[in-house]
4 protein chains.
Amino acid sequence: MIKVGIIGANGYTGYELMRLLANHSGAKVVYAASRSMANTPVAELYPALGGAYADMRFSVPSAEDAASYSDVVFTALPHGLSAEMGARIIRMGKKVIDLSADFRYDNLAVFEKTYDITHPCPQLNNTAVYGLTELNRKKIKSASLIANPGCYPTASILALYPLLAEKVIKLDGIIIDAKSGQSGAGRKADEAFSLCESALNFKAYAVANHRHTGEIEEKLSLAAGADITLSFTPHLLPISRGILATVYADLSLDEKAAQAAYKKFYGGEPFVSVLTAGALPELKSVTGSNICRIGFKADKRTGKIIIVSVIDNLIKGASGAAIQNMNVLFGLKETEGLPLVGNQI
Amino acid sequence: MIKVGIIGANGYTGYELMRLLANHSGAKVVYAASRSMANTPVAELYPALGGAYADMRFSVPSAEDAASYSDVVFTALPHGLSAEMGARIIRMGKKVIDLSADFRYDNLAVFEKTYDITHPCPQLNNTAVYGLTELNRKKIKSASLIANPGCYPTASILALYPLLAEKVIKLDGIIIDAKSGQSGAGRKADEAFSLCESALNFKAYAVANHRHTGEIEEKLSLAAGADITLSFTPHLLPISRGILATVYADLSLDEKAAQAAYKKFYGGEPFVSVLTAGALPELKSVTGSNICRIGFKADKRTGKIIIVSVIDNLIKGASGAAIQNMNVLFGLKETEGLPLVGNQI
Amino acid sequence: MIKVGIIGANGYTGYELMRLLANHSGAKVVYAASRSMANTPVAELYPALGGAYADMRFSVPSAEDAASYSDVVFTALPHGLSAEMGARIIRMGKKVIDLSADFRYDNLAVFEKTYDITHPCPQLNNTAVYGLTELNRKKIKSASLIANPGCYPTASILALYPLLAEKVIKLDGIIIDAKSGQSGAGRKADEAFSLCESALNFKAYAVANHRHTGEIEEKLSLAAGADITLSFTPHLLPISRGILATVYADLSLDEKAAQAAYKKFYGGEPFVSVLTAGALPELKSVTGSNICRIGFKADKRTGKIIIVSVIDNLIKGASGAAIQNMNVLFGLKETEGLPLVGNQI
Amino acid sequence: MIKVGIIGANGYTGYELMRLLANHSGAKVVYAASRSMANTPVAELYPALGGAYADMRFSVPSAEDAASYSDVVFTALPHGLSAEMGARIIRMGKKVIDLSADFRYDNLAVFEKTYDITHPCPQLNNTAVYGLTELNRKKIKSASLIANPGCYPTASILALYPLLAEKVIKLDGIIIDAKSGQSGAGRKADEAFSLCESALNFKAYAVANHRHTGEIEEKLSLAAGADITLSFTPHLLPISRGILATVYADLSLDEKAAQAAYKKFYGGEPFVSVLTAGALPELKSVTGSNICRIGFKADKRTGKIIIVSVIDNLIKGASGAAIQNMNVLFGLKETEGLPLVGNQI
């Protein structure tokens, strides 16, 4: 039984790790730390967890405690802090799966500009593996430090990587129009996120400057073997969970080539489901599951391909992916503890 | 054109006053004050008001300014503060319609215990008229100070007053199980009211000790000519607007007597609509309007009558009722500026 | 591995059985039948199930097929039809867990009047065990036919049974004011259940004549050892899942006695969680789980106790309870495949 | 007082016409017809209208009755039927404002292909004026037949027309990623639109073949003086009301030129509000109002301009625009009866 520690456990990704791991046959949360909730019973903050964590309280965050109690630690802290905490745990010889942005970038200059911070441990960054399991499974197996991908990047990169790698689409003019549920912003006391202010609303935000843009571009540039610059526009849906990204690109080849490219990359993947050309997935087909579902359609009038990619932002876009990485890292069955079916309603 | 001032204009009742008065042919908001939003353009806090208040900014709250610019001032401040501000405006000879609880009670001891406060101007309280227009229209006409009723009390008192006055039901054992949209709690930054935490939730709160209980009991005791003690349980709906109260009482008489009692009290009322016995109103039939709709059904098995009363908590339960009172106070057509039809969708 | 058949698999209870059983280590759905969806791939109707049932199609309903393929069959058909189908499967020697109302009543006269039908197999009804596991675990172990309880009855009976059995409350005047998500009405094409018509709505329905009233009264009369007549008022929440019942009763004893009664009945139960006196559960604490969470508070002013009981109507109120019964029936661990933690968000 | 008739009054656009006209000082609904609801009281289908239409019943649709009772008739029927009904009313000398697609196209070949129908009265089509008031006000004044624009076209054309007319953007590669509330699909009994199936969902639909594409392209080609081919992708939001269109185009000029173009076209418009460059409107800023609010931002990295345009699909996108056209047609104040402020919450 793998012992799991979580630092920054009070947020939604922490919650979701605890929820999913309660049903995992090979791992168990033994340590859950949160500065703001230290000493509070887990079930007081999250009554829904009461059935499985009735006796657990949040700990005061401590790299030493986390490392001594756990085989692997999930760090889910604000950027900067997460890297510092992770570095100390790594030094104590334990594995770290980091859910912040701190280790996601190969290019530290882009990271530092994007997050307006000096990276606290640039050398460690070189050893980090970008944890998009479907693309980096081999490296993940032998990693000590895994940088869990961002939620928008997961939906976007999985949609575009095969098409760029197989030269199905052109490099220029890619547009990602993404829509996310509000849990992507984290647990927060903020009028703008109150039900009254947001339940009948829809809006774009961080237009032309969202932080995930660089992460998406860097990973897709690897696929293309050339620098990609694209438009990324996130929007806020009046629901809690889920991301749907509508992607527009100019076709070089055709629908058939697109289907072949997806098959080549995701043919045996348990958590990526690609539909037949012309069929497009709905968000609810993945909510509650660790699945990324992708559909696409060519538009002969405009020469474009429209790709729709859906994930549950808290599962495949965060905590589920982190557990998937843990499973790979520890040689467990990759699907263990991860729902293959969604809630639908 | 009546000149209207609003103090505490940044909250939802302030918003709703401004929204409704934008369509009023005989009154106009000339002054809107808010301490926390002072000097902010109204349209920055509430973009939806931009079409009518493009050039207005929130003022620093001042009784003197309010009184000098306005014919009538709506005060919507926390209890205690509202009374102080109102008192000064009254002294300067202007009318006040107060949306706080400060002047709603005849019995100041109950008020002071309920709100844990010493009333700042008890003598003024004696001159205040309880602004449930349907019950106090005559007194409102000649009042200087009107205490606008609470939202739950509006739905509850309108449902029960005629039945108690006409002795259709027994005095004991009345239960009001009420459900409200979240705007009843006001505009607030609070995790518990975030969409993520509340959109799929439903809960009871303030069970057996909600502050509106005393207000309801006091006014219904007047109807009954005897002290009423009842159970009041509010719940929080996962929507913004609307109150539905399900009321249970033991019948002394029958459905026919109930229908007659309602007809006697509300026969000519433009804003109270009583359905035929056995038909029950849905919340959406009143959302967006100033209507209170009431239905009832006798249950022969238990000897009880079940009454359902619905209002839009921000309109008939607050700002619409306040404007209705203003219309009466200034001799305008009572329905002016007040929607008789709801949004339905 | 227990082989499970489902007849009437296209509805929400069928969906939920398939979703939950996809994560069950000791049982597996081998047969899912639906007349209206016969030959349709399961993943076409329910894309979210695609990850686990990629190759399954709905079968044409057949008692013979169900019995020959399965160890146990869940029947989820309209009343009357369900009993007929179940009877044939029982005759072929297989276990049946029926999710309709057909076998829930000891008193067939009440059943037949309530559902306006002649019971097709009254003798079989005598052998059925009412599947509220917490109350009938022993009988369930040796049953062939289990009548799975209704959703409202589950929330209501669990809340009241211990208090009546231990004479903590009086028999007369009990009021159950219940609120349910819309999935309780089943999967349906109906304007009234469209998002446009219902997402901002709230309403009471079937007031004083809902069919679950008799089921609740019959089971609670067993607890009380006397005939119970009570008021039951269901309401429709603008969400999909969950039931919250607010229950009012007159106290004979006190809060302490209530706490003791609950402890006596549910002390070791994995799926019933009773809070400390005065604390009341929110709906979201159970959504997505098989837990029933109960809180209560005495009101000294009125002499009443207010009890709040919450369940996920599709899980503890239907499919989860059915699987719990299956686990008991086959000697599996009672909690296998059943979530102890909820979604919270 | 202008007498208004409505044919096809049972749908959401009919509802919204009746709701808005209840507050119009210069017009009054005297005739509301619906085949499926004939003889049903209006308040039975739409209880929220009860306060203003307590005594009205839906009529059996008849061009003769409509023309004889009314000064102007709003036709809101399925395409094909609407044109036939409108043609007969026009022949009887009354004005028609048609809310179907029947008279929106100059190019009948495109219309007939798009709607798979032979136009029933092509000559009449030549006399129809496309009722986007801001662009065609003069022609509307003297029209007999007004083709009210589609909802998506209203949001899209208002966003793009000035930029194309002033050559601020390039003609190729325009992408409109639009998101609409569910009332756009009309009042319907359909599982896919039930709250259970849609409240937590989001999806693209009619990708690369939505019927409004041709309407948008035709009107924008007029602005550009050249044929425009663009990508239009609609999505379905889990709310009832509102459209937000995110538009992507390649800049020829800059943000300043964009601002100037908008000012030139909409400087004095009461119902089009253009924000300062860089600011983007939220949907809730227009819900409940007849306003179209537009924001835009240049992205130097990609050379694109991103435009966000929001409307209430039932008001500015349908019934409000129709009343705006009526006001122009009859020389009333253009803003009469049309809300300048939105609901916000």
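Which values of log₁₀ I(q)/I(0), to two decimal places, follow from the Debye formula for region B:1-66 at q = 0.18, 0.23, 0.24 Å⁻¹ with a uniform point scatterer at every Cα?
Those come out to -0.56, -0.94, -1.02, one per q.
Using the Cα atoms of region B:204-292 to build a convex hull, what is its mean projected area in square nanometres?
Computing the convex hull of the Cα atoms and averaging its projections yields 7.1 nm².
Given Cβ point charges of +1 (Lys, Arg) and -1 (Asp, Glu) and nothing else, what value in debye, to the nearest 20, does the dipole of chain A about its Cα centre take?
Magnitude of the dipole: close to 660 debye.
Over region B:110-244, calculate the relative contact order: mean separation of alpha carbon pairs under 8 Å at least 6 apart, over the residue count, as a percent.
Here the relative contact order equals 31 percent.
Exactly which chymotrypsin sites (Phe, Trp or Tyr not before Pro) in region A:241-345 are in a DSSP loop and have at most 14 other Cβ atoms within 10 Å?
none
Just grab the label-to-label distance for C:Tyr205 and A:Met1, each label 7 Å out from Cα along the Cβ direction, in nm (one decimal).
4.5 nm
B:Met326: accessible area at probe 1.4 Å, nearest 10 Å²?
About 0 Å², ignoring ligands and nucleic acids.
Among the listed pairs C:Lys138/C:Lys264; A:Lys284/D:Lys113; A:Lys256/D:Lys179; A:Lys3/A:Lys316; B:Lys188/D:Lys179; B:Lys3/B:Lys179, which have their C-alpha atoms separated by more than 25 angstrom in this model?
A:Lys284/D:Lys113; A:Lys256/D:Lys179; B:Lys188/D:Lys179; B:Lys3/B:Lys179
GNM, chain B, Cα, under 10 Å: largest mean-square fluctuation among B:Ala318, B:Ala43, B:Ala224?
B:Ala43
With an 8 Å Cα cut-off and a minimum separation of 6 or more residues, compute the relative contact order for chain A in percent. Can you show the working numbers first?
Values: 789 pairs, mean separation 58.3, N = 345.
After rounding, I find 17 percent.
Using +1 on the beta carbon of Lys and Arg, -1 on that of Asp and Glu, and nothing else charged, what's the dipole of region C:192-345 about the Cα centre, debye to 20?
Using only the charged Cβ atoms, the result is roughly 340 debye.
Could you tally the net charge around D:Arg241, taking each other residue with its Cβ under 14 Å from the Cβ of D:Arg241, Lys/Arg +1 and Asp/Glu -1?
Result for the local shell: +3.
I need the trypsin sites (Lys or Arg not before Pro) found in region C:254-308, filtered to DSSP loop residues with at most 11 other beta carbons within 10 Å of theirs.
Numbers: sites: C:Lys256, C:Lys263, C:Lys264, C:Lys284, C:Arg293, C:Lys297, C:Lys300, C:Arg301, C:Lys304; in loops: C:Lys300, C:Arg301.
Passing both the DSSP loop test and the Cβ count: C:Lys300.
Provide the net charge surrounding D:Arg137, with neighbours chosen by a C-beta distance below 10 Å and charges set as Lys +1, Arg +1, Asp -1, Glu -1. It would help to have the intermediate numbers written out before the result.
On the way: positive: D:Lys138, D:Lys139, D:Lys141; negative: D:Glu134, D:Glu269, D:Glu334.
For residues surrounding D:Arg137, the net value is 0.
In deg cm²/dmol, rounded to 500, what helix-only [θ] at 222 nm does chain C give when every DSSP H run of at least 4 residues adds -39500 (n - 2.57) and the total is split over its residues?
Result for chain C: -9000 deg cm²/dmol, rounded to the nearest 500.
Treating the Cα atoms of the protein assembly as shown as identical point scatterers in vacuum, please give the log10 of the normalised Debye intensity I(q)/I(0) at q = 0.07 Å⁻¹, two decimals.
Log10 of I(q)/I(0), two decimals: -0.78.
With both partners inside region C:150-262, how many of the DSSP beta bridges are antiparallel, as a percent to the nearest 5? Show your work: numbers first, answer last.
Numbers: 9 of 15 bridges.
Antiparallel bridges make up about 60 percent of those DSSP assigns within region C:150-262.
For helix D:81-91, report the angle its Cα long axis makes with the longest principal axis of the Cα atoms of chain D; keep it between 0 and 90° and round to the nearest 10°.
So the helix axis and the longest Cα principal axis differ by about 70 degrees.
On a 0 to 90 degree scale, rounded to 10, what angle separates helix B:151-165 from the longest Cα axis of chain B?
That helix lies at roughly 40 degrees to the long axis.
Only Cα pairs within less than 10 Å get springs; with that Gaussian network setup on chain D, which residue of D:Thr302, D:Thr213, D:Thr276 has the largest fluctuation?
Comparing D:Thr302, D:Thr213, D:Thr276 in a Gaussian network model of chain D, the most mobile one is D:Thr302.
Can you list the chymotrypsin sites (Phe, Trp or Tyr not before Pro) in region B:1-75 that are in a DSSP coil and have 14 or fewer other beta carbons within 10 angstrom?
Values: sites: B:Tyr12, B:Tyr15, B:Tyr31, B:Tyr53, B:Phe58, B:Tyr69, B:Phe74; in loops: B:Tyr53, B:Phe58.
Nothing satisfies the criteria.
How far is the Cα center of region A:236-290 from the Cα center of region D:63-105, in Å?
First find each Cα centre; the distance between them is then 44 Å.
Between copies, how far does the label point of A:Lys28 sit from its twins, in nm, shortest first, when each point is 7 Å from Cα along Cα→Cβ?
Shortest to longest, the spacings are 2.8, 7.4, 7.8 nm.
Each label point is 7 Å from the Cα along the Cα-to-Cβ direction; what then is the distance between the points at A:Ser62 and C:Glu84, in nm?
About 6.9 nm separates the two model spin labels.
Which angle between 0 and 90 degrees, to the nearest 10, do you get for helix B:320-329 versus the longest principal axis of chain B when only C-alpha atoms count?
80 degrees
Please name whichever of C:Ile2, C:Tyr53, C:Ala38 sits farthest to the positive end of the charge dipole of region C:1-60, dipole taken about the Cα centre and charges placed at Cβ: Lys and Arg +1, Asp and Glu -1.
Checking the options against the dipole of region C:1-60, the answer is C:Ile2.
What percent do you get for the relative contact order of region B:227-326 when only Cα pairs under 8 Å and 6+ apart count?
31 percent
About the Cα centre, and with charges only on the beta carbon of Lys, Arg (+1) and Asp, Glu (-1), how big is the dipole of region D:284-345? Nearest 20 debye, please.
460 debye
Projected onto the charge dipole of region A:166-218 (+1 at Lys/Arg Cβ, -1 at Asp/Glu Cβ, origin at the Cα centre), which of A:Ala199, A:Ile216, A:Gln182 gives the Cα projection farthest towards the positive end?
A:Ala199
Of the DSSP beta bridges with both residues in the protein assembly as shown, give the percent that are antiparallel, rounding to the nearest 5.
Looking only at bridges with both residues in the protein assembly as shown, the antiparallel portion is about 45 percent.
The values are calculated or read from the model by the stated rules, or taken from the named source; none is laboratory data. Computed from a predicted model, the values in this text were never measured in an experiment. For neighbour counting, all protein chains shown are included, and Cβ atoms are generated from backbone atoms with ideal geometry for every residue, glycine included. Note: accessible area is taken over every heavy atom of the protein model, side chains too, but ligands, DNA and RNA are not part of it. Shrake-Rupley method; radii C 1.70, N 1.55, O 1.52, S 1.80 Å.
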